[in-house]
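Heads up: the structure comes next, in structure tokens.
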Amino acid sequence: MTVMKKPDLDVIIIGAGVAGLYAIYRLRKQGLQVRAYEAGDGIGGTWFWNRYPGCRCDVESMEYSYAFDDNLQQEWKWPERYGTQPEILKYLNYVSQRFNVMRDVQLNTRVTAAHFDSGTNLWTITTEQGETVSAPFCIMATGNLSTPRFPKITGIDDYTGEKYHTGLWPKEGVDFTGKVTGVIGTGSSGVQSIPIIAKQAKHLFVFQRTANFSLPARNAPLEPEKERKHKEEYVERRKAAYSTPFGIAGYPPPDKFAAEATSAEREASYEAKWAEGGSISFLFAYKDLLLDKAANDTASDFVRAKIRSTVKDPKTAELLCPNDHPIGTKRLILDTDYFETYNRDNVTLVGIRSNPIERFTRSGLQLTDGKSYDLDAISFATGFDAMTGAMREIDIRTDKGADIREKWQDGPRTYLGIMVSGFPNMFMVTGPQSPGVKSQMILSCEWHVDFIAAAIEHMRGKGLTHIDAEGTAEDGWVEHNNQVADSTLYPLANSWYVGANIPGKPRIFMPYVGGVEAYTNKCKQVVDNGYEGFQMS
Ligand code: NAP
């Protein structure tokens, strides 16, 4: 008689960022024995690794926090309109201590493999140190922007100066004082860090391949009255957030198409939103900004005019004007003094679209036309293998021959961004084809963890042990996801949403852009219909 091995845990959680931490809390409340395995030497995920200067959330701090405990929301005090990385990390550490989460986190532990055995109905993970742990359920709380990527450019390892990646920034910080510094990349991370690095560096060269739209954040200390009111309304606001496209309440939805306003009215509307700061309010100016190119052009032109009027050197201004994508179809950036920074004498913008970096040298880099730059330090703000990268780095497979790298070789396929058909009992938090990155992330993490917790509870109540997504349900969801994306302007942009920043990555629109309201309604309907699309046994 074979003696079945007793699993080590009820649920393995991979990652102790926002999602993993809440999963520990939530599942433990159901009496489950859980443990999260985290590569970092601290918790916090994104907010643990991205310590670059100027790193700040682009969702307002009163929104960007957990909603699961009302006392927590009342007692935490955000100092500014937008949380800085240190402040958000402090908050996550506070939450961990307050709810005694740390006892179920194993730090400094990178998971290299996760294998499912159908005979035992167990997932077994293997860590870099060679430890193995088994449990019937495995939750990938591995994050969407957690696999930093240096560009594959000749000679990168020959460069002997200081080299940093915004997503792997040293804990002790970096002082660029007196240094000739390069920044490569002008996405959110580049745009947030450039103004601060410019203030320190002897000279800063910004190497820009693609110009991006950025709006002023208008960060400021949080007004006590605003905080008081928000806290008073927290419960209703959180509830209302689920009935919005981005999972954030408090922004009146648009009621007009851009063409219904005169050009003077549009100008006044954009001007007011520019002065207010923030991206949702701006994108909510008109109903069709993300649906109709002509409507979008009016907003894109407004921002281009702002860039031209801010940046004194006309050639630099022109180079900074985005011209290859409609505004909002790439993650809209929020900045503090980004365009103003190019008026400094110690900052030079170098366009590398038509004259790319040819190679790195021992002392800097050389462009294709032969011009070279000697640099004491280079900061790579070159982004991430987004959405699928972290899971593809783990050898995820089953004894029935399913392999995540093979399954996703033409792009991710998921059911609701929660499960992948053929990988039983493995859940994802904010996986591809869910609204995660297009929403207030913490809200989406809570939604998914609650969904997973309820599914496990449902199964336990019925004595079931096995759950998988049906292939047809997955096919239908992938198709729906693509149809929704194709009905918008999003696919027009070469963004990490479509994997365009990773050479060779299949081009497929990865986030669900039907909005949080439509998505959460679909999830509710799935549950009401007895977990429609999931097979349980
Ligand atoms: P990103 O948006 O992917 O930007 C990467 C930048 O590096 C782009 O400008 C890209 O140019 C450039 N780049 C990549 N490879 C290159 C190469 N070989 N040569 C030259 N340039 C190269 O990455 P990110 O700025 O780290 O931001 C990623 C996402 O993280 C954001 O969209 C956002 O969702 C999130 N984030 C949020 C915040 C916030 O909350 N405020 C802050 C930081 C990040 P191309 O565009 O030409 O590829």
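Net charge dipole, the chain: roughly 600 debye, given to the nearest 20, about the Cα centre with Cβ charges of +1 for Lys and Arg and -1 for Asp and Glu.
Just want to confirm a number: the relative contact order over segment 342-388, from Cα pairs under 8 angstrom separated by 6+ residues, in percent.
That works out to 20 percent.
Residue farthest toward the positive end of the dipole of segment 322-390, with Cβ of Lys/Arg at +1 and Asp/Glu at -1: which of 389, 357, 325? Value: 389. DSSP beta bridges in the chain, what fraction antiparallel, as a percent rounded to 5? Counting only bridges with both partners in the chain, antiparallel ones make up about 40 percent.
Scalar couplings 3J(HN,Hα) for segment 159-176, obtained by applying the Karplus form with A = 6.51, B = -1.76, C = 1.60 to θ = phi - 60°, are 4, 9, x, 6, 10, 10, 10, 4, x, 9, 6, x, 4, 6, x, 9, 9, 8 Hz; x denotes Gly and Pro. Partners of residue 152 within straight-line reach, counting aspartates and glutamates whose Cα lies under 12 Å from its Cα and excluding those fewer than 8 residues away in the same chain: 358. Look at the alpha carbon pairs under 8 Å that are at least 6 residues apart: their mean separation over the length of segment 379-462 gives a relative contact order of 18 percent.
Sequentially through segment 54-59, phi angles give Karplus couplings (6.51, -1.76, 1.60; θ = phi - 60°) of x, 5, 8, 6, 9, 10 Hz, Gly and Pro residues having no value and appearing as x. Normalised by residue count, segment 153-274 yields a Cα convex hull volume of 221 Å³ per residue. Working ranking of peptides 11-17, 255-261, 338-344 by packing, defined as the average number of other Cβ atoms within 10 Å per residue, highest first, is 11-17, 338-344, 255-261. The aspartates and glutamates within cross-link reach of residue 239, meaning a Cα-to-Cα straight distance under 20 Å and a gap of 8 or more places when in the same chain, are 60, 63, 69, 70, 75, 227, 446, 450, 517, 528.
Round to the nearest 0.05 the FRET efficiency obtained for residue 172 and residue 102 when R0 = 25 Å and r is the Cβ-Cβ distance.
0.60
Full extension of the chain segment joining residue 521 with residue 112 gains 143.7 nm, where the gain is 0.36 nm per residue of separation less the Cα-Cα distance.
Using +1 at the C-beta of Lys and Arg and -1 at the C-beta of Asp and Glu, which of 514, 310, 380 has the Cα lying farthest in the positive direction of the dipole of the chain? The residue sitting farthest along the positive end of the dipole is 380. In plain terms, if you count all Cα to Cα distances in segment 286-416 and split them into 5 Å steps from zero, the share in each step is 2, 7, 11, 13, 13, 14, 13, 11, 9, 5, 2, 1, 0 percent.
Rolling a 1.4 Å probe across the protein heavy atoms gives the chain an accessible surface of 41 Å² per residue. For segment 318-329, backbone phi angles converted through the Karplus equation (6.51, -1.76, 1.60; θ = phi - 60°) give residue-by-residue couplings of 5, 5, 7, 7, x, 9, 10, 7, x, 4, x, 7 Hz, Gly and Pro being listed as x. Values of log10 I(q)/I(0) for the chain across q = 0.05, 0.08, 0.10 Å⁻¹ run -0.20, -0.53, -0.84, by the Debye formula with one identical scatterer at each alpha carbon and no solvent. Rounded to the nearest 20 debye, the dipole size of segment 158-233 about its Cα centre is 180 debye, using +1 on the Cβ of Lys and Arg and -1 on the Cβ of Asp and Glu.
Database remark: amide H of residue 513 closer than 5 angstrom to the amide H of 485 (H placed geometrically; neighbours at sequence offset of 5 or more, or on other chains; Pro and chain starts carry no H).
Less than 5 angstrom separates the built amide H of residue 508 from none of the residues sequence-distant by 5 or more or on a different chain. The dipole here belongs to segment 1-118: it is taken about the Cα centre, uses +1 on the Cβ of Lys and Arg and -1 on the Cβ of Asp and Glu, and is about 320 debye.
Between residue 293 and residue 368, the modelled label-to-label distance comes to 2.5 nm, taking each label 7 Å out from Cα in the direction of the beta carbon. Got the relative contact order for the chain handy, in percent, Cα pairs under 8 Å and 6 or more residues apart? Computed over the chain, the figure is 20 percent. Could you please state how large a percent of the accessible area of the chain is carbon and sulfur, counting protein chains only and using a 1.4 Å probe? Carbon plus sulfur share of accessible area: 50 percent.
The values are calculated or read from the model by the stated rules, or taken from the named source; none is laboratory data. Here the structure is a predicted model, which means the values were calculated and not measured. With ideal geometry, Cβ positions are generated from the backbone for all residues, glycine too; neighbour counts draw on all protein chains shown. Ligands, DNA and RNA are excluded from the accessible area calculation, which covers all protein heavy atoms including side chains. Shrake-Rupley method; radii C 1.70, N 1.55, O 1.52, S 1.80 Å.
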